[in-house]
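Take a look at the structure below.
Bear in mind that the values in this text are calculations on the coordinates, not laboratory data. All figures in this text were calculated on a predicted structure; none of them were measured in a lab. No Cβ is skipped: glycine too gets one built from the backbone with ideal geometry, and neighbour counts run over all protein chains shown.
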Amino acid sequence: MVKLYDGGAYLAGGDAIIADDGEAEAKLQAKTGKAVPKDEAARQTIAYGILEAHNTSGDMEKLEIKFDKLTSHDITYVGIIQTARASGLEKFPMPYVLTNCHNSLCAVGGTINEDDHMFGLSCAKRYGGVYVPPHQAVIHQYAREMLAAGGQMILGSDSHTRYGALGTMAVGEGGPELVKQLLGRTYDIDMPQVVGVYLKGKPERGVGPQDVALAIIGAVFAGGYVNNKVMEFVGPGVSNLSADFRIGVDVMTTETTCLSSIWRTDGTIREFYETHGRLEDYKELEPGEVAYYDGMVEVDLSAVRPMIAMPSHPSNVYTIEELRANLGDILADCEKRVPGLTLTDKVRDGELYVDQGIIAGCAGGGFENLCDAADILRGTSIGPGEFSLSVYPASMPIYLELVRNGAAEALLGAGAVLKTAFCGPCFGAGDTPANNGFSIRHSTRNFPNREGSKPQNGQVAAVALMDARSIAATAANGGRLTAATDVDAAYSRPKYHFDGKVYAGRVFDSHGVADASQEVRLGPNIKDWPEMCALPESLVLKVVSEIHDPVTTTDELIPSGETSSYRSNPMGLAEFTLSRRDPAYVGRAKEVREAQKALEAGKNPVEALPELEAALEAIGKAFPGKADVKGGTGKIGFGSTIFAVKPGDGSAREQAASCQRVLGGWANIANGYATKRYRSNLINWGMLPLLVSEGELPFANGDYIFVPDIREAVEKAVGQETQIAAYVVKDGELKEFALRIGELTPEERATILAGCLINHYRG
């Protein structure tokens with residue numbers, strides 16, 4: 001299904017892959033009749049052209065990007081705007097859309113969520129933005145319908161910000177990166193590598209976009225083949241896919257850990273824009289005659305079969321056929337991955353029965369997915385048993401069209417529950433399974449704990465990702481796992497008619513006009529960020545959590561679900577930090593924070609944390625004067641750190657880092673960082689993204705680490721990775737080991753030195 005090239009490759013004439021090997025030059029000459037230097041061919045990718053058009057630095061190796069538009073949802077926009085307001089925001093300098101699709105139920109925490117919505121509406125009026133009320137659309141569907149434009153770039157505070165299929169390079173980042181754009185700053189990155197995704201063939205009947213996406217994720221994730229790179233979809237197979245199909249594959253590229261995505265566009269995408277009344281936003285995008293890619297993923301669409309991503313990651317993929325043939329072994333493996341989960345008892349007469357099906361959100365709630373599901377379910381029933389099916393159209397215009405064309409009737413008639421546009425099932429705030437439940441979902445993620453599991457409270461559940469068509473086929477069989485290719489459905493493939501009056505009557509659009517007379521509405525749960533001091537000359541860090549999982553997701557760092565109501569309250573939310581992974585973390589971090597608070601108040605930190613005395617004594621012996629707590633906060637600082645092998649996979653939520661910071665965190669120590677966005681979140685909240693070599697750790701949970709002259713080290717960490725001498729306090733002695741901090745941009749360095757982005761912008 002999927003082939004990865006060992007090195008780079010050329011794409012010639014849009015349809016010929018030529019591997020970058022000793023014969024490449026001759027093959028290129030034969031294909032095109034001319035020699036094309038590699039550096040010239042690298043400038044012929046679609047991605048290069050878009051990045052060049054948005055780069056303000058004049059240096060294509062060190063990019064300083066200004067985006068065309070911004071978008072956020074109601075878990076992130078309050079913190080973003082509060083940060084920008086504290087830094088001098090007067091007006092949104094570009095279109096900024098505030099959607100309400102995560103906290104839209106307004107159920108958890110009473111009126112807290114609606115307070116956030118009123119804050120968002122008042123800010124859209126005051127600063128000149130767009131406000132999309134709850135239940136109207138999930139963030140990414142609204143962006144597809146109303147924001148995307150060929151050749152443009154969009155920055156969103158959600159990791160699944162992906163509109164490449166429509167010709168828009170979109171990036172999902174933590175909130176502080178949007179703050180920078182709101183304040184006229186830039187998004188600073190090294191020129192990313194570009195990996196081609198060459199599509200050929202045509203999908204078999206019953207194979208959907210999630211099947212193709214999972215096949216790609218399964219091939220590239222583990223080895224980091226596209227990590228922090230741009231995926232560029234090319235090849236003749238692109239033209240064999242509908243716009244909805246391309247969108248469904250595109251949104252899932254986030255799960256590969258790539259930076260962004262872009263696709264070649266054609267008449268199919270032109271028709272999408274025309275259908276949505278925005279034909280002027282269409283732009284034809286194609287790579288040059290000869291384009292060079294830093295890697296190549298070749299996908300034979302005709303060979304893709306219905307797929308399933310088993311717990312607990314989108315890369316844990318099998319064909320449904322493979323799963324059914326090896327049920328015992330695969331289910332046993334899943335039980336090892338999710339402690340306390342039992343799946344083998346869901347096998348009856350050699351068949352796997354699931355408890356729940358969900359088709360939802362930015363990945364599953366598209367028009368074609370739901371129409372095909374309706375065609376499979378038409379005239380059937382899911383039955384009166386344990387199995388249930390929930391369907392969430394991605395926007396109200398889609399919902400309206402499903403009602404008009406009869407698809408809604410088919411879904412409801414089969415026993416499905418049709419709900420409004422809501423992202424809850426993706427992060428554990430809607431349709432949480434029963435204990436030991438097994439849910440199949442056409443949504444974006446199946447990380448541990450994301451579906452509402454609370455293992456520490458005895459509640460455990462599991463999620464597998466599947467395409468809407470196979471979920472419908474399974475539902476038609478009462479929950480017996482079934483591939484869509486195994487049912488004989490009459491797909492009607494109705495044409496989509498977009499009706500913009502749904503938005504015209506409800507969405508507030510300032511058209512970029514700010515109204516300074518509009519008061520910002522602040523609810524009791526909307527709190528300002530606490531004061532944070534600048535980075536001191538030296539640091540004493542206590543290790544307060546140690547995680548050795550291969551990858552740690554942002555959902556494990558700060559859980560989803562019931563915590564959503566506290567997203568606008570930094571201190572309230574921080575109480576949940578690592579709660580499902582290391583429940584003792586918060587208490588340990590607070591103890592160390594008290595020492596720093598005492599220091600800032602001019603008191604002896606040892607009085608707040610007596611165990612510090614022995615550590616300071618050992619430090620003082622080895623480094624006379626460095627442990628002087630009378631020198632004030634500029635000389636020495638006290639804080640916590642965690643170790644995780646590779647933290648930060650998944651969501652762009654900045655709170656995964658900011659919660660550690662408000663609890664007194666000064667650093668993360670890792671073997672590597674799963675995503676660029678999590679590392680950026682750490683930096684923007686003034687935390688050190690430190691690295692330690694793989695192997696046996698020189699420290700353990702509960703140890704103190706002394707990092708002398710850390711401020712000086714950060715000042716030098718520009719343009720290159722910097723090695724830092726650190727010391728673990730053991731038995732009254734200091735034992736040296738090496739830490740590293742990766743290359744920092746001047747802006748990142750200034751942010752860390754200032755203590756956080758707010759401090760930096762306040763000057």
Would you give the gap between the C-alpha center of the stretch 210-269 and the C-alpha center of the stretch 690-763, rounded to a whole Å?
-> 36 Å
Which pairs in the list Lys62/Lys676; Lys27/Lys200; Lys3/Lys69; Lys597/Lys730; Lys91/Lys419 are over 27 Å apart, alpha-carbon to alpha-carbon?
-> Lys3/Lys69; Lys91/Lys419
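Which shape class, rounded, prolate or oblate, goes with the stretch 67-188 when its Cα gyration tensor gives a ≥ b ≥ c as root eigenvalues, a/c under 1.5 marks rounded, and past that a/b bigger than b/c marks prolate? Please report the intermediate quantities before stating the final value.
Numbers: a/c = 1.85, a/b = 1.21, b/c = 1.53.
Oblate, because a/c is 1.5 or more while a/b does not exceed b/c.
When the dipole is taken about the Cα centre of the stretch 242-341, and only Lys, Arg (+1) and Asp, Glu (-1) are charged at their Cβ, what size is it in debye, to the nearest 20? Don't skip to the end; give the middle numbers.
Numbers: 9 positive and 19 negative charges, 80 e Å.
Value, rounded to 20: 380 debye.
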Karplus ³J(HN,Hα) for the stretch 156-162 (6.51 cos²θ - 1.76 cosθ + 1.60, θ = phi - 60°; Hz, whole; x = Gly/Pro) runs x, 8, 8, 5, 8, 6, 9
Please report, in debye to the nearest 20, how large the charge dipole of the chain is about its Cα centre when each Lys and Arg carries +1 at its beta carbon and each Asp and Glu carries -1 there.
-> 1220 debye
Considering the Cα trace of the stretch 538-762, what is its radius of gyration and what is Dmax, both in angstroms?
-> 16.4, 49
Along the charge dipole of the stretch 177-304, Cβ charges K/R +1 and D/E -1, which of Tyr293, Gly223, Leu279 sits furthest on the positive end?
-> Gly223
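Please work out how much length the chain gains when fully extended from Asp345 to Glu286, using 0.36 nm per residue of separation minus the C-alpha to C-alpha distance, in nm with one decimal. Mind dumping the intermediate values first?
Values: separation 59, 0.36 × 59 = 21.24 nm, distance 5.10 nm.
Length gained between Asp345 and Glu286: 16.1 nm.
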Once the in-chain neighbours fewer than 8 apart are removed, the lysines whose Cα is under 16 Å from Lys603 read Lys630, Lys635
Cβ-placed point charges (K, R +1; D, E -1), dipole of the stretch 67-188 about Cα centre in debye, nearest 20 | 280 debye
Label Ala514 and Thr56 with points 7 Å out from Cα along Cα→Cβ: what is the distance between them in nm?
-> 1.5 nm
Using only Cα atoms, find the angle between the long axis of helix 327-337 and the longest principal axis of the chain, and express it within 0 to 90 degrees, rounded to the nearest 10.
-> 20 degrees
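Under 14 Å from the Cβ of His73, count the other residues' Cβ atoms, weight Lys and Arg +1, Asp and Glu -1, and hand me the total. Write out the running numbers ahead of the final one.
Details: positive: Arg567, Arg653; negative: Asp74, Asp116, Asp158, Glu173, Glu654.
For residues surrounding His73, the net value is -3.
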Farthest toward the dipole's positive end in the stretch 307-496, which of Gly364, Val317, Ala429, given Cβ charges of +1 (Lys, Arg) and -1 (Asp, Glu) about the Cα centre?
-> Ala429
Plugging the Cβ-Cβ distance of Asp266 and Ala86 into 1/(1 + (r/R0)^6) at R0 = 45 Å yields, to the nearest 0.05, a FRET efficiency of 0.50
Of all trypsin sites (Lys or Arg not before Pro) in the stretch 468-513, which ones are in loop regions per DSSP and have a Cβ with at most 15 other Cβ atoms within 10 Å?
-> Lys495, Arg506
Plugging the Kirkwood radius over Cα pairs into Stokes-Einstein for the chain, at a temperature of 20 °C and a viscosity of 1.002 mPa s, what D comes out in µm²/s?
-> 80 µm²/s
Taking one equal scatterer on every alpha-carbon of the stretch 307-496, how large is log10 of I(q)/I(0) by Debye at q = 0.13, 0.19 1/Å?
-> -0.61, -1.28
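Can you compute the FRET efficiency between Asn240 and Glu600 using 1/(1 + (r/R0)^6), with r the Cβ-Cβ distance and R0 = 45 Å? Round to the nearest 0.05.
Numbers: r = 62 Å, r/R0 = 1.39.
That gives a FRET efficiency of 0.10.
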Cα-based equivalent ellipsoid of the stretch 605-675: semi-axis lengths in Å, sorted from largest, via gyration tensor = 30, 14, 10
Positive-end residue, the chain charge dipole about Cα centroid, Cβ charges, pick of Ser57, Val138, Ala670 | Val138
Neighbour-limited loop hits for trypsin sites (Lys or Arg not before Pro), the stretch 1-38 (at most 14 other Cβ within 10 Å; DSSP other than H, G, I, E, B) = Lys34
Cut-off under 5 Å, modelled amide H: who pairs with Gly437 long-range = Ala462
Low-density loop GluC sites (Glu not before Pro), the stretch 548-583, at most 16 other Cβ within 10 Å, DSSP non-H/G/I/E/B, are Glu575
With each label point set 7 Å from Cα along the Cα-Cβ vector, what nm distance links Glu575 and Arg337?
-> 3.3 nm
Helix 396-405: angle to the longest alpha-carbon principal axis of the chain, degrees 0 to 90, nearest 10?
-> 20 degrees
In order through the stretch 122-136: 3J(HN,Hα) via Karplus (6.51 cos²θ - 1.76 cosθ + 1.60), integer Hz, x for Gly, Pro = 5, 6, 4, 6, 6, 9, x, x, 10, 10, 9, x, x, 6, 7
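Would you mind putting 128-136, 516-524 in packing order, based on average other-beta-carbon counts within 10 Å, highest first? Intermediate results must be reported in sequence, preceding the final value.
Values: 128-136: 22.8, 516-524: 13.0.
Result, highest mean Cβ count within 10 Å first: 128-136, 516-524.
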5 angstrom amide H check on Met153, placed H, neighbours 5+ away | Asp68, Lys69
For the stretch 539-632, state the average projected area of the convex hull of the C-alpha atoms over all orientations, rounded to one decimal in nm².
-> 7.7 nm²
How large is ³J(HN,Hα) for each residue in the stretch 243-257, as worked out from phi by the Karplus curve 6.51 cos²θ - 1.76 cosθ + 1.60 (θ = phi - 60°), to whole Hz, x for Gly and Pro?
-> 4, 4, 5, 4, 4, x, 6, 4, 4, 7, 4, 3, 6, 8, 6
Sorted by chain and number, the residues with a modelled amide H under 5 Å from that of Val207, at a separation of 5 or more or across chains, are none
What FRET efficiency would be calculated for the residue pair Ser492, Lys38, taking the C-beta separation as r and a Förster radius of 51 Å, to the nearest 0.05?
-> 0.60
